[in-house]
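Q: Let me give you the structure first, and then I'll get to my questions.
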Amino acid sequence: MRRRLPEWLRNKSPLAAETREVRKVLAELNLNTVCSSARCPNRGQCYAEGTATFMILGSVCTRNCRFCAVDKGPVQPPDPGEPERVVTAAARLQLRHVVITSVTRDDLPDGGASQFAKTIKLIKRRLPEVSVEVLTPDFKGNRDAILTVVEAGPDIYNHNLETVPRLYDRIRPEADYRRSLELLKLVKSHGKGLLTKSGVMAGLGETGAEIEAVMDDLLAVNCDILTIGQYLQPTKDHLPVVEYVKPAVFKEWEALAYQKGFKFVTAGPLARSSYQAGRVRTVLV
C-alpha cells in the first residue's frame, strides 16, 4: 500500500485555464515534456508559469530504472524535425532559460547526442539571448557523444547521480555511479565556462552521511550546482518510498552544500532537477 503524503508534499493544482497556453503549444508542436512523462508533482505550477522541460528523442526509454515513470518499450528513430519544433515552442512561450532533457537511447550509436547538439545550436542561433540547460543520460560513458553535446555550447550541463552509490543496484541497475562522476568531470574539463549540475533523490533508504559523501564526490569533479528532492512513488509498480524527509532536513542539506562550496543549491521536498531551473541565471551573469 502506498503511503499517505504528508502535508508538506501536497501541491495545490492550478486551474486548467492557467496551464492552457503551455499545453496548447506542446500539443500543436507534438513535443514531449519530462514534466508529463515523469509525472512531476510540479507540472501544473510550471505550466501555469509558462514553462516546461522539453524531452527529446521520443517518449520511450531503453532503460528500466525502478524509480522512473517514463515509458519503456520499443523506440522510434529520432525525429529530424524535433529540434526546430523545440525552438518554435521556446519562442512562442518567450522562455529565457530553456531546459532540454531526453529519454535514454542506448539503441543509438551516439545515444542521441547529435539530437541534443542540433537542438542546442538551433536555439543559440535563433534565440541568442536565451540560456540553455541540458540534462543528459550517461551515453554509456561514450566520450565522443558527451563532447558532442559539450561542443554545441550549452550554458549548463546537468547529469543526475539520482541516488547514493550503495543503492545503485536496486534503483539504477543499468547505470554506474563512477561513470556518471567521470562524465561530469569530462564535461567540466572541456566546457569553457560551462556550469555543471547534478541531483539526487531522498527517501529511498539513504543516510545523511551518504548524502554528504555524494556532495563531496560532486565537488571533487568541480560540479557547480546541486539539487536534492524527495522521491515520490509514481505507481504501485515502482519502488516504494522508505521515508518522507522533513523540510527542515532539506534546509540543513542546502546550507551544508553551500558551506562546502556549491555555487547554487536547491533542496526541498518538491525540488526537482528542472524545477524553476531558470533561477540559476543569477550565476550565469
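Where a number appears in this text, it was derived from the coordinates with a stated rule and is not lab data. Bear in mind the structure is a predicted one, so any value in this text is a computation, not a measurement. No Cβ is skipped: glycine too gets one built from the backbone with ideal geometry, and neighbour counts run over all protein chains shown.
Q: With N set to the residue count of the chain, report its C-alpha Rg divided by 2.2 N^0.38 Å to two decimal places. Provide the component values of the computation, followed by the final result.
A: Values: Rg = 17.7 Å, N = 285, 2.2 N^0.38 = 18.8 Å.
Ratio of Rg to 2.2 N^0.38 Å for the chain: 0.94.
Q: Where in the stretch 195-238 does the amide nitrogen come within less than 17 Å of the point 7 Å from the Cα of Arg66, taken along Cα to Cβ?
A: 201-207, 231-238
Q: What nm value, rounded to one decimal, do you get for the distance between Glu7 and Gln233 when each label is placed 7 Å out toward the C-beta?
A: Output for this residue pair reads 2.4 nm.
Q: Find the relative contact order for the chain and round it to a whole percent, using C-alpha pairs within less than 8 Å whose residues are 6+ positions apart. It would help to have the intermediate numbers written out before the result.
A: Numbers: 501 pairs, mean separation 46.0, N = 285.
Value for the chain: 16 percent.
Q: If I model a spin label at Lys24 and Lys192 as a point 7 Å from the Cα along the Cα→Cβ vector, what separation in nanometres do I get?
A: With each label point 7 Å from Cα toward Cβ, the separation is 4.3 nm.
Q: In nm, give the distance between the simple-model label positions of Arg126 and Glu151, each being 7 Å from the Cα along the Cα-to-Cβ direction.
A: About 2.4 nm separates the two model spin labels.
Q: Under 24 Å between alpha carbons, and skipping anything fewer than 8 positions from Lys140 in its own chain: which lysines qualify?
A: Lys72, Lys118, Lys121, Lys185, Lys188, Lys192, Lys197
Q: With +1 on each Lys and Arg Cβ and -1 on each Asp and Glu Cβ, and nothing else charged, work out how big the dipole of the chain is about its Cα centre, in Debye to the nearest 20.
A: Values: 41 positive and 33 negative charges, 121 e Å.
Dipole magnitude for the chain comes out near 580 debye.
Q: What ranking, highest mean first, results for peptides 128-141, 202-215 when packing means the other Cβ atoms within 10 Å averaged over each residue? Don't jump to the answer; show the numbers that get you there.
A: Values: 128-141: 19.6, 202-215: 17.9.
Ranking the peptides 128-141, 202-215 by packing returns 128-141, 202-215.
Q: In which sequence would Trp253, Trp8 go, from the one with the fewest C-beta neighbours within 10 Å to the one with the most? If you can, show how the numbers build up before the last one.
A: Numbers: Trp253 22, Trp8 15.
In increasing order of surrounding Cβ atoms, one gets Trp8, Trp253.
Q: On to the next question. Under 19 Å from a label point 7 Å along Cα→Cβ of Arg279: give me every residue in the stretch 197-220 with its amide N that close.
A: Taking a point 7 Å out along Cα→Cβ of Arg279, the residues of the stretch 197-220 whose backbone N falls under 19 Å are 197-202.
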